[in-house]
Each structure stands twice: as structure tokens, then as C-alpha cells.
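Quick notes on the structure that follows.
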């Protein structure tokens, strides 16, 4: 899932991450100020297991925080594709419905797909594409009507950005 907690100077990226992949993620955290090194560790983790979706989350958040929005977008799109493949549903968010798959399980590719969709809407906001962000957020609300992944927070931001225009 997402980066959720610090424990004994380690960041917890999820609950079922193999130790050899987690080791690279921890090295990336430790090397965060050295962007090239941290990025290299993240991509090494991804290469070890391209199906470890939490690594994509770490990658796109890394790029967000480094203000490398185009690279964050590329990883989010990879994450959407990989999540959909693992969850056995269509990767095109435009055609998904609440019935397309089980969106409610916490530990499944579907949940990480929803988080990636939320991330894509954030990217659109960072690109000043409020309409694009709102389109994604409407779909996210349809797929996640109880707002488990927190899309409503970004909807509030999109509304505020429209008011400033």
C-alpha cells in the first residue's frame, strides 16, 4: 500500500513486501537526499519484482516529492496498468464501473489501482488541468463511494483551484 508508518528508523511500505525488496526501499529512504542513488534503489526494487505494486507507489511519490511530475505520471500510468493486470480488470479507468471488480478489499491490486487513480488526479491538478482532475475524481467517487482512498480531499482542492481561476 502506501508509506504508512515509521518503525525503528524504517519506513513501512506495506505488509507483504518481501525482505529483499524492502531492503532496497529502505536504502532509497536513507539515500533520499541523493536523488540519483535513491532513484536507483527504487528501480532496482521494481526490477526484482514488477508485480510488487507498493514499489510503484514509492516511485511515484518519490517523483512527486522531487517535483518531477512527468516522471511521476509515467509511473502512475505503469501502476494503473500493472494493478489492472494483477486484478484482472480493464486498465482504462474511463470504462470501469463499481461492478468491474471488488474495489473494497484493502490488500489487493484494486485498492492500489484506486490510489494510483487518485495520484493521477493530483498530477492533473499539478499540471493545472482541473477539468482532467475532476473527470478522474468523478470516476474515483463512482468506484469508491465511501471515499476509502480519500479522493474527496483532492476534489476540495480542485474546487478551490476553480474558484481562483
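Figures for the structure shown
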{"quantity": "Residue 137 vs. criteria assigned to a helix (DSSP H, G or I) and in contact (Cβ under 8 Å) with a residue 24 or more places away in the chain", "calculated": "no"}
{"quantity": "Which numbered condition residue 152 fails, given (1) assigned to a helix (DSSP H, G or I); (2) under 16 Å from residue 54 (Cα atoms)", "calculated": "(2)"}
{"quantity": "Flag for residue 85 being modelled with pLDDT of 95 or more, surrounded by fewer than 21 Cβ atoms within 10 Å (Cβ to Cβ) and not in a helix (DSSP H, G or I)", "calculated": "no"}
{"quantity": "Residue check for residue 107: part of a loop (DSSP other than H, G, I, E, B), over 17 Å from residue 42 (Cα atoms), modelled with pLDDT of 95 or more and out of contact with any helix residue (DSSP H, G or I) (no Cβ under 9 Å at 6 or more places or on another chain)", "calculated": "no"}
{"quantity": "Helices (runs of 4 or more DSSP H) (entirely within region 18-67) containing at least 3 residues that are over 18 Å from the mean Cα position of the chain (by Cα) and surrounded by fewer than 20 Cβ atoms within 10 Å (Cβ to Cβ)", "calculated": "19-30, 35-48"}
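The values are calculated or read from the model by the stated rules, or taken from the named source; none is laboratory data. In this text, all values refer to a predicted model and were calculated from it rather than measured experimentally. For neighbour counting, all protein chains shown are included, and Cβ atoms are generated from backbone atoms with ideal geometry for every residue, glycine included.
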